[in-house]
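Working notes, structure below.
The values are calculated or read from the model by the stated rules, or taken from the named source; none is laboratory data. Only a predicted model underlies this, so the values are computations on that prediction, with no experimental measurement involved. Using ideal geometry, Cβ is built from the backbone for each residue, glycine included, and neighbour counts are taken over all protein chains shown. What goes into the accessible areas is simple: the full protein's heavy atoms, side chains included, and nothing from ligands, DNA or RNA. Shrake-Rupley method; radii C 1.70, N 1.55, O 1.52, S 1.80 Å.
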Amino acid sequence: MKRYARFGLVVLLAAGALAWAVFRPELLWVDARVNESAPEGVPSVSAAAAMPAAGPLASGRFHGVAHETAGTATIHRLADGRRVLRFTDFHTSNGPDVRVYLVAASDAADSATVTRAGFVEIAPLKGNIGDQNYELPASVDLERFRAVTIWCKRFSVNFATAPLAPTPRATS
């Protein structure tokens, strides 16, 4: 009987370790804070007016889908032509394997829209709280990819989406 009890204990411990490795429950209570300043090359408002190629291209506010989320996503064109996605006043839940996607849709109110419309993975989420920057590949077509999604890759869940609208300067 003791032999079966030990075997059961070993199986239970192994199953618990595997469940922890897959689900990473501690991430639900641990915040990863980021506080990146705006990247060099993001011009001030007055400088952006003088450089028509540089400045904000599109912006939108996050709305929660599976998790409550707040903040703003803005795509900036830098003075050297690179494009950067910047999150400001950002806050969402933490989780395992959370990524930043650009989605080929005007909005994504559910997970199915992200997978159906198509997406480009930009990077792993740097933190679930705070200002952060992500350089966009030059090949990304911003006419097609019009929303930013925070995506849990492990569970295929859309945490939140920010529909992007062109900034007034970007359309003129």
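Select from region 142-168 the residues that are of a type in the set (Lys, Arg) and under 15 Å from the mean Cα position of the chain (by Cα) and list them in ascending order.
Arg146, Lys153, Arg154
Tell me, yes or no, whether region 48-56 has at least one residue that is open to solvent by less than 40 Å² (accessible area, probe 1.4 Å), within 28 Å of Thr115 (Cβ to Cβ), modelled with pLDDT under 95 and part of a helix (DSSP H, G or I).
no
Looking at Gly81, Gly60, Gly64, which one is of a type outside the set (A, V, I, L, M) and open to solvent by less than 20 Å² (accessible area, probe 1.4 Å)?
Result: Gly60 is the single residue among Gly81, Gly60, Gly64 that is of a type outside the set (A, V, I, L, M) and open to solvent by less than 20 Å² (accessible area, probe 1.4 Å).
Which of the following residues is farther than 20 Å from Asn35 by Cα, touching a residue at least 40 places away in the same chain (Cβ under 8 Å) and out of contact with any helix residue (DSSP H, G or I) (no Cβ under 7 Å at 6 or more places or on another chain): Asp131, Asp107?
Asp107
Only one residue in Arg169, Arg116, Arg77, Arg144 is touching a strand residue (DSSP E or B) at 6+ places or on another chain (Cβ under 8 Å), modelled with pLDDT of 95 or more and of a type in the set (Lys, Arg). Which one?
On the way: Arg169 fails: modelled with pLDDT of 95 or more; Arg116 fails: touching a strand residue (DSSP E or B) at 6+ places or on another chain (Cβ under 8 Å); Arg144 fails: touching a strand residue (DSSP E or B) at 6+ places or on another chain (Cβ under 8 Å).
The unique qualifying residue is Arg77.
Taking the options Ala104, Ala109, name whichever one is in contact with a Phe, Trp or Tyr (Cβ under 8 Å, 6 or more places away or on another chain) and among the aliphatic types (A, V, I, L, M).
None of the others qualify; the one that does is Ala104.
Would you be able to tell me the number of residues in region 107-119 that are open to solvent by 40 Å² or more (accessible area, probe 1.4 Å) and within 15 Å of Lys153 (Cβ to Cβ)? Let's see the steps before the verdict.
Our first condition is that a residue be open to solvent by 40 Å² or more (accessible area, probe 1.4 Å); within region 107-119, this holds for 107, 109-110, 112, 115-116, 119.
In the following step, the residues that additionally are within 15 Å of Lys153 (Cβ to Cβ) were identified as 115, 119.
Count: 2.
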